[in-house]
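Have a look at the structure below before the remarks.
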Amino acid sequence: MRDIGDLTLDRLEKIRDFLVQELGGAIERRRKFQTELPAHRQVSRIMSYGRTACFTIRKSNDDAMKQLQRGMERLQLIASIALYDTFLRTKYHDFVYLGSILAEEDSERVTFSFEVTCHVSHFVTAYKELLGHFEANDDAAINDFDLNFRTVQPIPLTVAESVAYRGRLVGPCSIDIEIEKPFTRMTRRLRTSELLKLISQAVHHQPIIVSDFESNDETAETLEYFARVNDTGRLSLDDFELDTENAERFTIQH
């Protein structure tokens with residue numbers, strides 16, 4: 001303020017016009033890019049994407065660990081953008097997705113990826129498109145992409161497979177992403193978000209302790225399915241068919 005306090009009004013107007021042009025450009029580019037993302041049709045299966053989109057860090061780099069951390073945070077950020085876009089464009093404003101930070105290591109490098117698995121088709125497809133966009137345009141593209149939203153708290157990063165994350169729209173421009181609590185209630189037909197929590201616990205071999213239970217045909221069918229998983233060690237996302245009008249409803253395919 002001291003530097004510009006003595007400038008003439010004409011000079012101040014030119015500075016203002018310059019700042020509006022420079023800062024406003026990033027917002028317009030973000031808006032233009034987001035309008036080009038189509039609204040995606042809800043399909044009848046649980047989708048996954050991200051395992052094949054790998055990033056490699058050489059251990060010989062002086063700041064290899066910092067690069068690895070930045071890369072993981074970047075992938076979570078892209079998933080957050082896809083999540084927010086889903087909140088804006090669909091009726092799904094509170095749902096669970098599985099996030100898998102996968103890392104493979106050899107003597108020279110570490111290769112990692114971030115895969116999302118979710119029943120809301122728009123979220124997975126938007127993540128795929130955004131990941132491809134930023135991969136093609138490198139990290140600089142994020143600087144031109146005005147996020148226009150904030151997270152309520154830092155996004156948790158866990159290097160594990162099939163971690164159950166809950167994403168919620170908690171305000172017009174605010175979202176919350178947290179690791180979901182274990183499944184404990186089975187009193188009605190399960191929502192698909194609850195099914196994903198069960199799958200996450202099954203993948204991690206966590207005991208499922210139900211504190212509130214109601215016996216009915218739906219809960220019996222679910223228990224029978226996971227009993228078969230326990231006996232055979234086989235679990236497939238193709239065993240579940242989603243209602244295309246409401247992705248939180250599913251049926252088990254026998």
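Structure data summary
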quantity	calculated
Label-reachable residues, the stretch 81-112, where backbone N falls under 17 Å from a point 7 Å from Cys54's Cα toward its Cβ	100-112
Heavy-atom accessible area per residue - the chain, 1.4 Å, Å²	58 Å²
Candidates Gly167, Gly99, Gly233: whichever shows maximal mean-square fluctuation once the chain is modelled as a Gaussian network with Cα springs under 10 Å	Gly233
Full-stretch length increase - Ser211, Val229 - with 0.36 nm per residue and alpha-carbon distance subtracted	4.3 nm
The chain, accessible surface, carbon-and-sulfur percent (1.4 angstrom probe)	50 percent
Size of charge dipole - the chain - debye, nearest 20, with Cβ of Lys, Arg +1 and Asp, Glu -1, no other charges	300 debye
Inter-site label distance for Gln67 and Glu135 at 7 Å from Cα along Cβ, in nm	1.8 nm
Computed E for Ala220/Asp94 - FRET, C-beta separation, R0 25 angstrom, nearest 0.05	0.40
Percent of C-alpha pairs per 5 Å bin, the stretch 149-193, short to long	5, 17, 23, 19, 18, 12, 6, 0
Mean Kyte hydropathy of -1.0 or more with a Cα span along the axis of at least 27 Å, helices from DSSP in the chain	9-36, 64-89
Cα centroid separation - the stretch 38-75 against the stretch 195-239, whole Å	28 Å
Sequence ranges 187-200, 46-59, ranked by mean other-Cβ count within 10 angstrom, highest first	187-200, 46-59
Label-point separation in nm, Thr158 to Leu237, each point 7 Å along Cα→Cβ	1.8 nm
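The values are calculated or read from the model by the stated rules, or taken from the named source; none is laboratory data. All values derive from a computational prediction rather than experimental measurement. Please note: Cβ atoms are built from the backbone with ideal geometry, for glycine as well, and neighbour counts cover all protein chains shown. All accessible areas refer to the heavy atoms of the entire protein, side chains included, with ligands and DNA or RNA removed. Shrake-Rupley method; radii C 1.70, N 1.55, O 1.52, S 1.80 Å.
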